[in-house]
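Read the structure below first, then the notes.
The values are calculated or read from the model by the stated rules, or taken from the named source; none is laboratory data. Just so it is clear, the model here is predicted, and its values are computed rather than measured. Neighbour counts are summed over all protein chains in view; Cβ atoms, including those assigned to glycine, are modelled from backbone coordinates with ideal geometry. For the accessible areas, the whole protein counts, side chains as well, though only heavy atoms, and no ligand, DNA or RNA atoms are used. Shrake-Rupley method; radii C 1.70, N 1.55, O 1.52, S 1.80 Å.
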Amino acid sequence: MSVTLLEWGRLLPTADNVTWYPWSQNNWILPKHRFIGWLMVQQRLLTQDRLIRMNILQSNLCFLCGVAPEDHPHLFFLCQYSQICCDLVSTWCRFSIPLKDSVEWWVNARFRSLCQKKILGIILAALIYQLWMCRNRSRVELSLSRPEVVLYLVQKDVVMRIQSCNCKIKNVMVQQWVNTICSN
Ligand SMILES: [Zn+2]
């Protein structure tokens, strides 16, 4: 099977791929979360702005807030609803996840240890995944879950993942932090 120049060009690294690389190496992130996050970083999720460009939709109002056009920057996390979810998750994990360029923040920020960075990657990926699922449920069911439900689902995924990874944490303060978030 031959590969056209256009197809080959899509396989080459882009700025988004470079941003995504450290996350793609974080094998603690659930595969389904990593996949949605990969699509999000490359702005490939089928948000309404893309569907309108494809002539599939006419309206582009966000399913979560209903007041602004839906695109990737809006959903992650400039939307009022996403902001509330992000604030709840930030309070829970004791890290202030920025509303804009959150993946770049995770890639570039300094954390106490690699282990803490990987766990915050799990948290951010879970938040992106659950917001996307919430948005999809809202689109189909025409009703919106409370932000606390999104927080609960993020916590459930993260705690389950931390426990199944059987992380060996050497830093005492990071271990205390993990104990705290897993017990809340
Ligand atoms: Zn919105």
Starting from the residue with the highest accessible area, list CYS93, CYS165 in decreasing order, probe 1.4 Å. CYS165, CYS93
With angles folded into 0 to 90 degrees, how steeply does helix 147-165 sit against the dominant principal axis of the chain? Use alpha carbons for both and round to 10. 60 degrees
What residue among SER24, SER164, SER138 shows peak mean-square fluctuation when the chain is described by a Gaussian network model with Cα springs under 10 Å? SER164
Per residue, how much accessible area does the chain show when a 1.4 Å probe rolls over the protein heavy atoms, in square angstrom? 56 Å²
For the pair ASN171/SER113, report the inter-label distance in nm, with labels modelled 7 Å from Cα in the Cβ direction. 0.8 nm
Which residue, ASN55, ASN26, ASN136, tops the fluctuation ranking in a GNM of the chain built on C-alpha contacts under 10 Å? ASN55
Which order do the peptides 168-177, 148-157 come out in when sorted by mean C-beta neighbours inside 10 angstrom, highest first? 148-157, 168-177
As I understand it, the dipole of the stretch 58-148 uses +1 on the Cβ of Lys and Arg and -1 on the Cβ of Asp and Glu, about the Cα centre. Which of PHE77, LEU142, CYS62 lies farthest toward its positive end? PHE77
Could you tell me the relative contact order of the chain? Use alpha-carbon pairs under 8 Å, at least six residues apart, and round to a whole percent. 23 percent
Accessible-area composition of the stretch 62-119, carbon plus sulfur, in percent [1.4 Å probe]: 53 percent
Per q in 0.09, 0.13 1/Å, what log10 I(q)/I(0) does a Debye calculation on the alpha-carbon atoms of the chain return? -0.35, -0.70
Quick one: how many lysine pairs does the stretch 26-183 have with C-alpha atoms less than 14 Å apart and a gap of 8 or more or different chains? Give me the count, please. 4
Angle check, please: helix 15-24 long axis (alpha carbons) against the longest principal axis of the chain (alpha carbons), in degrees 0 to 90, nearest 10. 40 degrees
